[in-house]
Amino acid sequence: MDVLLIRLLFVLIVGVICFLIRPFNLASNFAAAVGLLIGAAIIVFEWRLRAMSLKRLIGAAIGSVLGIIGAYLFALVIRNSIPVSPTQSFLQIMVMMIMAYVGLAVGANKGDLLNLAALGGIFGGEKSGKKSYKILDTSVIIDGRIADIAETGFLDGLIVIPQFVLRELQLVADSADSLKRNRGRRGLDILQRLQKTASVQIQIVEDDFPSVREVDMKLIELAKLYEGKILTNDFNLNKVAQLQGVAVLNINELANSLKPIVLPGEIMRVFILKEGKEYNQGVAYLDDGTMVVIDNARKMIGKTIDISVTSVLQTTAGKMIFGKWDERGGHRGSPSPPPVAGPSATATSGSPSDPAKKPTPPADRAAD
């Protein structure tokens, strides 16, 4: 309340001063109105400064000083090149304003790169406030599971969405291919859902690397710049980033680590959906899309049976479970209605869960 009163008093004082002085020979009432507008603009500027971090303020100050110095050097060139005239004065003022503004904007944008903790003293507290940056790529946005993770509260730090990723997502959404177009639009919906999540902070950054053409390499360079981690489910990006020393958070690896472990010899109940590639094989899918290949189960297609797990194969895409149905063991199959939407034949990551639920297809992959 006290701060609000001080701000209102400041605006009134500026208005009264302009009313009495009448700058530029303005009428008294018009000069007072101009003064009130100037005071209000200063209050808005001060309010915006309060939201900035100390690093950005220092970066903006350094950038402004460097810009003014550069403007002074340009002014010397203009003074020696153009005769004294209103044009010369105009060019000098414009150069000063442009250089000061550019220095202010660039300095504030790059201020987060300053390491104030190294200076010690009053700046040492900045170390505890260091932000953890999580940079999203296109594949993880289209995948959609990132929104579920964010809503649970397990995702901390600042979520960074590069502008070049948004451009790629927009190109996918505008694609002539209906499948890619739907995936792109789904990605845009996921971003809106993330913005509405109160537990995370979203920041769209303009940083780009014109010399780098591939989006994956731009993500790696951006992660190096911000000392952040890349959130992805792209296998190739994961490997390339690790080779360059960039930390990667892979959604598929997280999903695999949260699934229960299946041990050989366990009995599980599955619905045989179709026949397998080998002779007398049946194929089933768990709720998470994990493929289960069962020997001697071809004739049990369309039924729910109890099988014995023989082995588990870990692949780059996830896990595959191999089992065997023993008709002589007394495990008789019971008819069961087929699932609403059958999963694809491609193996995906997962492990067994409640067999009573219908299997669901694996998560969509990102558009090429």
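A short reminder: the numbers here are calculations on the coordinates, not readings from a lab. All values reported here derive from a predicted model rather than from experimental measurement. Positions of Cβ are generated from backbone atoms using ideal geometry, with glycine treated the same way; all protein chains shown enter the neighbour counts.
Assorted remarks:
- The distance between label points at Lys196 and Ile98 comes to 4.5 nm (points 7 Å beyond Cα on the Cα→Cβ vector).
- Three-way shape call for the stretch 190-275 based on the alpha-carbon gyration tensor, with the a/c threshold at 1.5: prolate
- Taking 7 Å steps out from each Cα toward its Cβ at Arg185 and Arg48 produces label points 3.6 nm apart.
- Taking a ≥ b ≥ c as the square roots of the eigenvalues of the Cα gyration tensor, the stretch 133-257 is classed as rounded, since a/c falls below 1.5.
- Counting charges near Gln163 (Lys, Arg +1; Asp, Glu -1) among other residues having Cβ under 12 Å from its Cβ returns a value of -2.
- Loop GluC sites (Glu not before Pro), the stretch 182-254, which have at most 11 other Cβ atoms in a 10 Å radius of their Cβ (DSSP): Glu206, Glu214
- Cα centroid separation - the stretch 34-71 against the stretch 237-293, whole Å: 54
- Sites Ala61 and Leu313, calculated FRET efficiency, Cβ-Cβ separation with R0 51 Å, nearest 0.05: 0.30
- Pairwise FRET efficiency - Asn280 versus Asp2, Cβ, R0 = 51 Å, nearest 0.05: 0.05
- Between Ile68 and Thr87, the contour length at 0.36 nm per residue exceeds the alpha carbon distance by 4.9 nm.
- Pair Leu171, Leu12: separation of 7 Å Cα→Cβ label points (nm): 5.9
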